[in-house]
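All remarks here apply to the structure that follows.
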Amino acid sequence: MELIVRGSFQPDWSAANIAEMRFAVFEIAAAAQAVEYYEITRCGMLVALDKQLGCSDCATVLAETLAGEKATDEKLTTRAETKVNSNAELESA
């Protein structure tokens, strides 16, 4: 980090390093989706539990949160399918 702050960092633009950076982007996207899946399952479970306990006001708020988590997951999926996969196709060409 010190090299970056002092301005003496020289990025490695070799083909191998670029492929490694693209794989890192893929790993970050996969980790983000794993977090979303975790949040979706937990939130969905809490919605079902609240309905069983008769806490409809809690279930309503949690259902809104669940909808937001699903929307985020869809955005991540679209991003992965368009950006990450297109980078992989460019790499193999």
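The values are calculated or read from the model by the stated rules, or taken from the named source; none is laboratory data. All of these numbers come straight from a predicted model, not from anything done at the bench. Neighbour counts are summed over all protein chains in view; Cβ atoms, including those assigned to glycine, are modelled from backbone coordinates with ideal geometry.
Name the residues in segment 49-74 that are within 25 Å of ARG22 (Cα to Cα) and either modelled with pLDDT under 80 or surrounded by 12 or more Cβ atoms within 10 Å (Cβ to Cβ) (or both), would you?
Answer for segment 49-74, where residues must be within 25 Å of ARG22 (Cα to Cα) and either modelled with pLDDT under 80 or surrounded by 12 or more Cβ atoms within 10 Å (Cβ to Cβ) (or both): THR72, ASP73.
Contact list please: Cβ distance under 8 Å, first residue in segment 34-59 and within 16 Å of ALA71 (Cβ to Cβ) and in contact (Cβ under 8 Å) with a residue 40 or more places away in the chain, second residue of a type outside the set (Gly, Ala, Ser) and in a helix (DSSP H, G or I), pairs at least six apart or on different chains.
GLU36/GLU69; GLU36/THR72; GLU36/ASP73; GLU36/LEU76
Taking the condition of being among the polar types (S, T, N, Q) and modelled with pLDDT of 70 or more, how many residues in segment 3-37 meet it? Before you say what the answer is, go through the steps one by one.
In the first step, residues of segment 3-37 are kept if they are among the polar types (S, T, N, Q); the result is 8, 10, 14, 17, 33.
Narrowing further to those that are modelled with pLDDT of 70 or more: 14, 33.
Looking only at that region, the number is 2.
What do you reckon, is THR72 in contact with a helix residue (DSSP H, G or I) (Cβ under 8 Å, 6 or more places away or on another chain) and outside any loop (DSSP other than H, G, I, E, B)?
For THR72, the condition - in contact with a helix residue (DSSP H, G or I) (Cβ under 8 Å, 6 or more places away or on another chain) and outside any loop (DSSP other than H, G, I, E, B) - is met.
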